[in-house]
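Contents: one structure, followed by commentary.
The values are calculated or read from the model by the stated rules, or taken from the named source; none is laboratory data. Only a predicted model underlies this, so the values are computations on that prediction, with no experimental measurement involved. No Cβ is skipped: glycine too gets one built from the backbone with ideal geometry, and neighbour counts run over all protein chains shown.
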């Protein structure tokens, strides 16, 4: 299972005025009777996440972290907006309860949503499941992603949720800037990638709702069935290119993971019951009506670079004392590892 389901007391530096929260929620919703109990989830490296318990049930609070924030980061208001927009689509999302953009209430922006019962796994090998269920979970992960990419973003009120076109140019520039803002040491592979990526962007300008962090650890599975009941963590969502999400989902096939729990650590994925990378691509193409995928190496390399830049930001916040979890300091070498893996893919493909 996942540390994102582990609850602790509210950690030092993340306290907030519970009565102010309760007053706001009662005024906005008419819900939240009785006293309010607050616990903090261990996960949520970017935006601190809390469980709220009251007489009316259980809810989840997501808020910006304390301290100085990097530009365009921690946009919990965007998370709220996209999940609210997807409420009546085929994409499973929690019910949104309230959004607060007034930082005088808790010190940062925040939103509250319903708590969805189910299972969260971060061990990509799914050791607790049967082979059949592993296969079903991974195929449903792809099916739900395809459903998201088929949503008409204009019809659900997200026409202005991002800029159409030139997605990779803008994203590479954004994450390069954020990496530079959180750089703590010289990493030659990151420098090579920042030069290589802008020169190898495929000629494709499709636009869809791109989740930005779509992976097994960011979905909730049904309590007993091998299917997804909610997609979470939409902070990085924007109007983007569909293969960015697919490349992000598949980059784990090329990595052993933090503690050998990644798909790249498996000698025989099919024997384990998990679809191969090619089977995932084929299933996505079948679900979206796409006729194959060109330039696949670029999408993998781009995502490894982007994730390296993001995790460097998490580590830097840990050094500064602003991370939402003490685990952030354990990410010291992850940016280097991911960027070196990305550059190895470039070289292996003969594209260096």
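Which residues, taken from the range 120-135, are over 23 Å from residue 41 (Cα atoms) and either within 15 Å of the chain's Cα centre (by Cα) or not in a loop (DSSP other than H, G, I, E, B) (or both)? Hits for the range 120-135 are 131, 132, 133, 134, 135.
Name, by its number, the condition in (1) surrounded by 14 or more Cβ atoms within 10 Å (Cβ to Cβ); (2) at pLDDT below 95 that does not hold for residue 133. Answer for residue 133: the failing condition is (2).
Out of curiosity, is residue 143 touching a helix residue (DSSP H, G or I) at 6+ places or on another chain (Cβ under 8 Å) and part of a loop (DSSP other than H, G, I, E, B)? So residue 143 does not fit the description; no.
Which of the residues belonging to the range 265-288 are within 17 Å of residue 300 (Cα to Cα) and not in a helix (DSSP H, G or I)? Explain how you work it out, then say what you get.
Residues of the range 265-288 within 17 Å of residue 300 (Cα to Cα): 276-282, 284-285.
Across the range 265-288, the qualifying residue is only 276.
Would it be correct to say that residue 107 is in the same structural domain as residue 208 (by TED's automatic domain parsing), at pLDDT below 95 and more than 20 Å from the chain's Cα centre (by Cα)?
Numbers: in the same structural domain as residue 208 (by TED's automatic domain parsing): no; at pLDDT below 95: yes; more than 20 Å from the chain's Cα centre (by Cα): yes.
So residue 107 fails the test.
Within the range 8-28, the residues that satisfy the criterion of being at pLDDT below 90 and surrounded by 12 or more Cβ atoms within 10 Å (Cβ to Cβ) are 11, 13, 14. Among the residues here, residue 136 does not qualify as touching a residue at least 40 places away in the same chain (Cβ under 8 Å), touching a strand residue (DSSP E or B) at 6+ places or on another chain (Cβ under 8 Å) and over 16 Å from residue 232 (Cβ atoms).
Across the range 236-252, the number of residues qualifying as under 19 Å from residue 338 (Cβ atoms) and at pLDDT below 95 comes to 3.
Results for (1) surrounded by fewer than 22 Cβ atoms within 10 Å (Cβ to Cβ); (2) in the same structural domain as residue 180 (by TED's automatic domain parsing); (3) touching a strand residue (DSSP E or B) at 6+ places or on another chain (Cβ under 6 Å); (4) not in a helix (DSSP H, G or I), shown as yes or no for each residue.
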| site | (1), (2), (3), (4) |
| --- | --- |
| 301 | no, yes, no, no |
| 304 | no, yes, no, no |
| 310 | no, yes, no, no |
| 313 | no, yes, no, no |
| 318 | yes, yes, no, no |
| 322 | yes, yes, no, yes |
| 329 | yes, yes, no, no |
| 337 | yes, yes, no, no |
| 342 | no, yes, no, no |
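Of the set (1) surrounded by fewer than 21 Cβ atoms within 10 Å (Cβ to Cβ); (2) in contact with a helix residue (DSSP H, G or I) (Cβ under 9 Å, 6 or more places away or on another chain); (3) modelled with pLDDT of 95 or more, all apply to residue 278 but (2).
For the range 93-114, which positions are part of a loop (DSSP other than H, G, I, E, B) and surrounded by fewer than 18 Cβ atoms within 10 Å (Cβ to Cβ)? Full working, then the answer.
So the first thing to find is which residues in the range 93-114 are part of a loop (DSSP other than H, G, I, E, B), and the list is 93-95, 101-102, 107-109.
Once the filter is applied, which keeps residues that are part of a loop (DSSP other than H, G, I, E, B) and surrounded by fewer than 18 Cβ atoms within 10 Å (Cβ to Cβ), the range 93-114 yields 95, 101, 102, 107.
Looking at the range 245-261, can you tell me whether even one residue there is under 18 Å from residue 174 (Cβ atoms) and in contact with a strand residue (DSSP E or B) (Cβ under 8 Å, 6 or more places away or on another chain)? Yes; the residues of the range 245-261 include at least one that is under 18 Å from residue 174 (Cβ atoms) and in contact with a strand residue (DSSP E or B) (Cβ under 8 Å, 6 or more places away or on another chain). Scanning the range 183-206 for residues that are closer than 30 Å to residue 91 by Cα and either modelled with pLDDT of 95 or more or buried (at least 22 other Cβ atoms within 10 Å of the Cβ) (or both) yields a count of 2.
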